[in-house]
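Accompanying notes for the structure given below.
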Amino acid sequence: MYQVVVNKETLQNHLHYDWWKYVVGIVVTIMMWNLVFTMSRPQTPRDKKVDIFLVGDFLLEEKAESVSQRMLEDFPDLLEINFLNIPLGDPELEVMGRQKLMVMIGAQEGDIFVFSKEEFEAYAKQGAFMPLDEYIDDEITKYVSEEELEEYKLSVEDEYAEDKQPHIYGIPLKGVTLLNDTGYDVEDKVVSIIAYSKNREKAIEVMKWIVTKGR
């Protein structure tokens, strides 16, 4: 019968090549614990808050808090507008960020997501976002032309999707200055509303505010 010999040399060799597995396991465990803790504590009613996930660049959360307070002045019926960060791109944090993103989407957390255009297209083709066509009005096209918006019109490629017609699923944030002091660069980013949002009406209003008044 084959026996595994565990000694100092084999243990060091194992840790040398497989250390990252332990790091990922610890990170996932922490994220799951945080998720359970967050979901079990007293929550603001979903119709009284809008959660915005900024994916990609780092965000200075203390600076984002002042942006939230500024926005809430125009949304007296909301108790919270939360900016939440999922950093990607840094090789050391990429796995952690991807895991967190999957956990958040799997738990159906968030209302508005901001992605790079490449990430946006990948998720839009999977049916992750709600169509925005009927919410595009003169106020939005004052800043983002209809020709520009055509670049964000895509078809869902999921074979089980009921609606495979092309729709506008995102709006570019180029020119928006709202987050300038937070460290999060919006120049190549796209804002979308996640399909499972529990507060769509307010998410649409907040999204339009960002696109039009966040300049």
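Numerical summary
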{"item": "D_trans [Stokes-Einstein, Kirkwood Rh over alpha-carbon pairs] for region 96-197, 37 °C, 0.692 mPa s, µm² s⁻¹", "result": "228 µm²/s"}
{"item": "Residue-by-residue Karplus 3J(HN,Hα) for region 54-71, coefficients 6.51, -1.76, 1.60, Hz, glycine and proline x", "result": "9, 9, x, 6, 6, 10, 7, 5, 5, 6, 5, 4, 5, 5, 4, 5, 4, 5"}
{"item": "Under the Karplus curve 6.51 cos²θ - 1.76 cosθ + 1.60, θ = phi - 60°, whole-Hz ³J(HN,Hα) for region 159-173, x wherever Gly or Pro sits", "result": "5, 9, 5, 6, 10, 10, 6, x, 9, 7, 10, x, 10, x, 9"}
{"item": "Charge dipole magnitude, Cβ of K and R +1, D and E -1 - region 143-211, Cα centre, debye nearest 20", "result": "400 debye"}
{"item": "Positive dipole terminus of region 58-215, leading residue within Leu101, Val190, Phe129 (C-beta point charges)", "result": "Leu101"}
{"item": "Apportionment of accessible area to carbon and sulfur, region 101-189, percent (1.4 Å)", "result": "43 percent"}
{"item": "Simple spin-label estimate for Gln69 and Val103 in nanometres, 7 Å along Cα-Cβ", "result": "2.9 nm"}
{"item": "Gained length - Lys125 relative to Glu92, 0.36 nm times residue gap less alpha-carbon distance", "result": "9.1 nm"}
{"item": "Per-residue ³J(HN,Hα) for region 97-105, Karplus 6.51 cos²θ - 1.76 cosθ + 1.60, θ = phi - 60°, Hz, x for Gly and Pro", "result": "x, 5, 5, 4, 4, 5, 5, 5, 5"}
{"item": "Placed amide H near Gly56: partners under 5 Å, 5+ positions off or other chain", "result": "Ile86, Leu88"}
{"item": "Net charge dipole size for region 52-124 [Lys, Arg +1 and Asp, Glu -1 on Cβ; Debye, nearest 20]", "result": "140 debye"}
{"item": "Cβ-based net charge around Gly175, under 9 Å, with every Lys or Arg adding one and every Asp or Glu removing one", "result": "+1"}
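The values are calculated or read from the model by the stated rules, or taken from the named source; none is laboratory data. These numbers were taken from a predicted model, which means no experiment stands behind them. Quick reminder, even Gly has a Cβ in these numbers, built from the backbone with ideal geometry, and neighbours come from all protein chains shown. What goes into the accessible areas is simple: the full protein's heavy atoms, side chains included, and nothing from ligands, DNA or RNA. Shrake-Rupley method; radii C 1.70, N 1.55, O 1.52, S 1.80 Å.
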